[in-house]
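What follows is calculated from the coordinates using simple rules that are stated; it is not laboratory data. Here the structure is a predicted model, which is why all the values come from computation and not from measurement. Please note: Cβ atoms are built from the backbone with ideal geometry, for glycine as well, and neighbour counts cover all protein chains shown.
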Amino acid sequence: MANLPKHGGYKALKSFQMSEIVFDLTFVFVQRYVPATSRTRDQMEQAARSGKQNIAEGSQTSGTSKQSELRLVSVARASLEELLQDYQDFLRSNRLPQWGKDDKRALAIRALAHRSNKSYKTYMTYLSNAESAANCLLCVINQANYLLDQQLRVLQKTLVAHGDVPEMLKNARKQELKKRVVGKDENDDFLKSHGFKALEDGRVVRADDEQDK
């Protein structure tokens with residue numbers, strides 16, 4: 001019998017784990033550095049939340065529609081890209097430098113991603129001032145986006161190779177039916193070669209038996 005593909009388990013996804021860290025750090029960042037009356041504060045919080053939540057929702061819907069999963073993960077990626085722009089705007093508007101990718105401070109932050117059991121607390125020392133905090137978030141968001149890009153490529157390849165879930169299940173059922181038909185034909189040939197035949201009710205009788213008439 002054809003079964004639904006495995007789905008859920010989003011908390012084990014590295015993309016979700018990094019996006020959750022982005023969300024938690026963004027919440028701390030806006031509390032400290034973005035005025036409560038600023039519309040940007042709400043936008044940043046919503047973009048961070050959208051990144052995390054859409055990955056989770058996409059994972060949950062994976063068992064019924066790979067197309068929906070692809071769409072939701074794409075939304076998550078777009079949300080984090082929007083958040084990335086917000087942090088770049090913050091640095092520029094406050095005349096603070098954006099660290100280059102090879103800056104020693106940026107390299108140190110990126111290395112933290114390899115730690116096991118990491119959380120937003122792993123990065124909290126970098127939120128001590130606005131420049132360090134915004135640059136820290138840029139590093140973490142870029143890492144989350146890299147993971148999402150990989151996830152999207154895998155989802156796209158799966159769709160191209162196998163189609164969406166309904167199509168996958170339909171093909172699986174066809175294969176099962178084909179196996180059953182082939183098995184029935186082989187069984188009938190075997191019985192016939194020995195002078196027997198199978199009735200529709202499952203009984204096996206001699207080929208010349210009149211009971212089935």
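Using a Förster distance of 35 Å, how high is the FRET efficiency between SER128 and ASP149, based on the Cβ-Cβ distance and rounded to 0.05?
Approximately 0.70, to the nearest 0.05.
Which translational diffusion coefficient, to the nearest whole µm²/s, is obtained for the range 10-162 from the Stokes-Einstein equation, given a Kirkwood hydrodynamic radius over C-alpha pairs, 4 °C and 1.567 mPa s?
82
Spelling out what I want: for every residue of the range 68-73, take phi, set θ = phi - 60°, compute 6.51 cos²θ - 1.76 cosθ + 1.60 (Karplus), and round to whole Hz; glycine and proline get x.
5, 4, 4, 5, 5, 5
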